[in-house]
Amino acid sequence: MRRVNLSPLIAMVYRQVKRWFSARSRLVSTVLNPLVWIIFLGLGWGSVFSASGFKGALPGIPTPPGLSISDLVQKYFNTIFGGVDYLTFMVSGMASMTVFLASFIGGISVIWDKQFGYLKETLVAPASRKLVIAGRILGDAIVTTVQGLIVILLGFIIASGLRIAGVGIALIYLFLLAITFSSLGVVIALKLSSVEGFQMIVNLLTMPLMFMSGVFYPFTTMPSWMQVIALYNPLSYAVHAVRYWLTGADVGLSPMTPLNDLLVLAAGATILLLTAGFAFEKTSIEE
Amino acid sequence: MDVIVVENLVKKYKDVLAVNGVSFTVRKGEIFALLGPNGAGKTTTIHIIATLLKPTSGRVIVEGYDAVKEPGKVRRLIGIVFQEPSLDQQLTAYDNMYIHGRLYGYSGNELRKRILELLEFVDLKEYAFKQVKHFSGGMKRRLEIARGLLTNPDILILDEPTIGLDPQSRARVWEYVRKLKNDLGMTILMTTHYLDEADELADRIAIMDHGRIIAMGTSLELKNMLGSDVIYLKLSKQAPESLCREFNGVKDCRLLEDGLIELVVENANKVLPEVMKLVMEKGYEIREVSYRKPSLNEVFLHLTGRELRDSLEASSPPRGRWHR
């Protein structure tokens, strides 16, 4: 038999992808969960942030000459949301959120592996531990990026302002985001032994990170303390960049440019991937 | 040739000594069994040999490689079947095998061929593409054995290979283990708490208790440690008491009913011909001969003061036969 150097990495990528396909319920929830957000939050708030249905005058406010109030209000909303309607704004952030949630919670499979004994199978193999864990993270990242793509494609049906040309580039950012949070999930999971403990930590982190990432509302209108936190949130950079490539809306804080976003995500992915590698090398079956 | 050398192995968890100065060697091509109750330190010992745990002190040398200093080399030489299942239940039998092969650096057509060969060896070929979660306990264990063999290891380590299996599955696993030794000359190191399993399969047995090896040898050697086989002779007619005084090398002699004589001897194999000759010379006709070797259970009882069966039930305190 032929010896292949990257073989352990391929083994784990293969495993994660196969597992995803074998769990069809997960496929459904991948699509269903963001769909719920899009429909109820996106459509609900979408019509609030739209002046098109607004015809009359506001009591006590004189109408400026040459402009209708609805035009004025619409202009204001468009500025806030970077020139697109709210539904498009939100849907373009939803792909990043899906990838973020799926990859972060994906670390839970490490704990399942501890409980079902599969971790021992990977620990006793003569393969490089770094390659094994990198393969696992890579596999999860591929799977979650595909989930992100599915959400983007759904977005095309629901929202009007998305551009097909930006999808390819957006996927690169989503993939780096997936590596970042898969690695973080794995690092946390390697330290823990219970599923409940992991879920608690992840739930504690996901909600604030989600709301301070610019998915649901722009950074510019956030309170300044929230902006500071958003700056240290890797998800913010993915949300900004993916939205930029999908819709052209450039709504971010000052350091956020498509290039900077890429650098930040690449750095985050590299650092956390290496951390996961070192953490897995130190792993033994001792409690 | 010794393929595994274990020297003065000690493993301490906080203040519990799981393994306390264990030394033994496993020879090429033999089946070596660590026999003992749960918590005796068998699995810990095996995990150290398999490089999954680091010993507190002592050394393990596998085919010349130190398990602590060169774990990668040792991992290449061994295949291991863990006590608890370590399969990915969501995947098929084939995929479990495939990923294992890939982890060890194999790929391509030969890997595919070998997977199917081994699945056939353990009679799972028709289930190759079924998800493991639908498998029975016996099927899972067989799959794990096949997986352990995939990379052609020199040494196969089996941790309680038949725990929780029904009698048919057990017999099947035994059959595979015998085949591996006889047909392929594989060296097998196994743990078990089943006396019959160690007796049936192992060339040599080390009895472990409380982290120590308390006796080691072939099944026969261990039983001979007790040195009291019991011979039963059934004669055509009732013999007088005086017959008992005629025997040499007999520890105890009793006349029972129906012409039955019970003799407690050092070694029945050696004494029996002489005893029979003597009885016949005295003019008795022998109707039946039987003798009973002490079982491993009696050996364990002799060494620890309690029965192996009893110590399996962790909830009940160990009861020696002496106190009953």
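Residues are listed down the side, and each one gets a yes or a no for (1) modelled with pLDDT under 95; (2) surrounded by 14 or more Cβ atoms within 10 Å (Cβ to Cβ):
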site: A:ALA159; (1), (2): yes, yes
site: A:GLY166; (1), (2): yes, yes
site: A:LEU171; (1), (2): no, yes
site: A:MET207; (1), (2): yes, no
site: A:PRO223; (1), (2): yes, no
site: A:PRO258; (1), (2): yes, yes
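Among the residues of the stretch B:42-75, just one is charged (D, E, K, R) and within 30 Å of B:LYS130 (Cβ to Cβ), namely B:ARG75. Checking the stated criteria, A:PHE198 turns out not to satisfy the condition of being out of contact with any strand residue (DSSP E or B) (no Cβ under 8 Å at 6 or more places or on another chain), modelled with pLDDT of 90 or more and outside any helix (DSSP H, G or I). Within the stretch A:80-94, does at least one residue satisfy the condition of being within 14 Å of another protein chain (Cβ to nearest Cβ), in contact (Cβ under 8 Å) with a residue 60 or more places away in the chain and part of a helix (DSSP H, G or I)? No, the stretch A:80-94 contains no residue that is within 14 Å of another protein chain (Cβ to nearest Cβ), in contact (Cβ under 8 Å) with a residue 60 or more places away in the chain and part of a helix (DSSP H, G or I). Restricting A:VAL110, A:VAL151 to residues that are more than 9 Å from chain B (Cβ to nearest Cβ), more than 19 Å from the chain's Cα centre (by Cα) and crowded, with 20+ Cβ neighbours inside 10 Å narrows the list to A:VAL110.
Rundown of residues vs (1) surrounded by 19 or more Cβ atoms within 10 Å (Cβ to Cβ); (2) in a strand (DSSP E or B); (3) in contact with a Ser or Thr (Cβ under 7 Å, 6 or more places away or on another chain); (4) not assigned by TED's automatic domain parsing to the domain that holds B:MET280, yes/no style:
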residue: B:GLY164; (1), (2), (3), (4): no, no, no, yes
residue: B:ASN182; (1), (2), (3), (4): no, no, no, yes
residue: B:MET190; (1), (2), (3), (4): yes, yes, no, yes
residue: B:ALA206; (1), (2), (3), (4): yes, yes, no, yes
residue: B:LYS234; (1), (2), (3), (4): no, yes, no, no
residue: B:LYS251; (1), (2), (3), (4): no, yes, yes, no
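Scanning the stretch A:231-287 for residues that are outside any loop (DSSP other than H, G, I, E, B), among the polar types (S, T, N, Q) and more than 30 Å from B:PRO71 (Cβ to Cβ) returns A:SER236, A:THR247, A:ASN260. Screening A:TYR232 on (1) surrounded by fewer than 17 Cβ atoms within 10 Å (Cβ to Cβ); (2) at positive phi shows it passes everything except condition (2). Would you call B:GLY72 of a type outside the set (Asp, Glu) and closer than 26 Å to B:ASP203 by Cβ? Here the answer is no, as B:GLY72 does not meet what is asked. Here the condition is being touching a residue at least 40 places away in the same chain (Cβ under 8 Å), away from chain B (no Cβ under 14 Å), crowded, with 18+ Cβ neighbours inside 10 Å and not basic (Lys, Arg); of A:VAL242, A:VAL264, it holds for A:VAL242 alone. Among the criteria (1) more than 7 Å from every other protein chain (Cβ to nearest Cβ); (2) modelled with pLDDT under 95; (3) closer than 23 Å to A:SER22 by Cβ; (4) in contact with an Asp or Glu (Cβ under 7 Å, 6 or more places away or on another chain), the one B:VAL122 does not fulfil is (4).
Looking across the stretch A:123-152 at every residue that is in a helix (DSSP H, G or I) and small (Gly, Ala, Ser), the one that is nearest to A:ILE164 (Cα to Cα) is identified as A:GLY148.
Does the stretch B:99-122 contain any residue that is touching a residue at least 12 places away in the same chain (Cβ under 8 Å) and among the small types (Gly, Ala, Ser)? Within the stretch B:99-122 (the criterion being touching a residue at least 12 places away in the same chain (Cβ under 8 Å) and among the small types (Gly, Ala, Ser)), the answer is yes, since at least one residue qualifies.
The values are calculated or read from the model by the stated rules, or taken from the named source; none is laboratory data. Predicted model only: the values in this text are computed from it and were never measured. Neighbour counts run over all protein chains shown; Cβ positions are idealised from the backbone, glycine included.
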